[in-house]
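Working notes, structure below.
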């Protein structure tokens, strides 16, 4: 009798453990539904995207309006990153089935190291949930599993984008810093009241442009301290350069003591932009050091010829943005070069 009772208890415990394991991993369910409609054509209806991994990493992307999104409800999201995800959501197709001899490995991989992506529309429940696994051997396809209404598909599939090559998982990165919108400042150029450009130590002439009436401008030579009228054909194209200013990347690798030394130096340029509503933007640029002995055209150089660090009041001092001189130099001409760096609108 005791043996029988013990056997019954063992069976009950075994069955309970079986269902518990299935509940926890979710990939061994007996759901017979075969889901492979990964796409959502109306991506404008998507209001939230939640990315997560089994190790606890997560990113919440939330739509603010037609074109703007936030990251973890803290800062603006990169438009190019959002657009790429929405394009993937719209255009994704199934390219094939998972080979039977690869099925067990694929399911285990999806259960342990996949990126889970939940797409929300107007509901508190996700419209669709993707589990993004490994790339195929050719790296032209991606192993994925679809979940709808809380139920996972009975099997995974290989997905791809028509006319595009590559693994789709790289589009769903988990580093919040990489999701930051690379904006330094955005404004309506028509609402700019003044722009002041101060050159720290080169021979360029510092200046201040002011819009003192609608479409009327004056410029002050800050080196000589004299003021003159400035043609709208020169002022307007220059002010338009401030409509959207972006950095290239955030430096996360340089040692703290080196960064501190860079930002404690005299700024190469200082730019102050004041809007009609009183809002102000401050941008300061700093030379980027290079390795000792670096040369350019046979001559030794101390600083990178193509990139600079900047400080911006929009991002604060917690990050170290890097800009390309090619784009940033348009904001900081010498007064004597200002007219030649702009174009007259027809």
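Restricting 208, 190 to residues that are closer than 16 Å to residue 235 by Cα and in a helix (DSSP H, G or I) narrows the list to 190. Scanning the range 109-128 for residues that are touching a residue at least 40 places away in the same chain (Cβ under 8 Å) and assigned to a helix (DSSP H, G or I) returns 110, 111, 112, 113. Annotation: of all residues in the range 44-59 being farther than 18 Å from residue 124 by Cα and touching a helix residue (DSSP H, G or I) at 6+ places or on another chain (Cβ under 8 Å), the one that is surrounded by the fewest Cβ atoms within 10 Å (Cβ to Cβ) is 54.
Here 174, 185 are screened, and the one residue that is touching a strand residue (DSSP E or B) at 6+ places or on another chain (Cβ under 9 Å) and under 30 Å from residue 139 (Cβ atoms) is 174. Against the numbered list (1) modelled with pLDDT of 95 or more; (2) touching a strand residue (DSSP E or B) at 6+ places or on another chain (Cβ under 6 Å), residue 146 comes up short only at (2). Of 258, 319, all but one fail to be under 29 Å from the mean Cα position of the chain (by Cα) and in contact (Cβ under 8 Å) with a residue 60 or more places away in the chain; the exception is 319.
If the condition is being buried (at least 18 other Cβ atoms within 10 Å of the Cβ) and free of Cβ contacts under 8 Å to residues at least 24 places away in the same chain, then the range 61-81 contributes 63, 69. Counting the residues of the range 74-98 that are closer than 18 Å to residue 126 by Cβ and touching a strand residue (DSSP E or B) at 6+ places or on another chain (Cβ under 7 Å) gives 5.
The values are calculated or read from the model by the stated rules, or taken from the named source; none is laboratory data. The structure presented is a predicted model; accordingly, all values stated were derived computationally and were not measured. Glycine also receives a Cβ, built like all others from the backbone with ideal geometry; neighbour counts cover every protein chain displayed.
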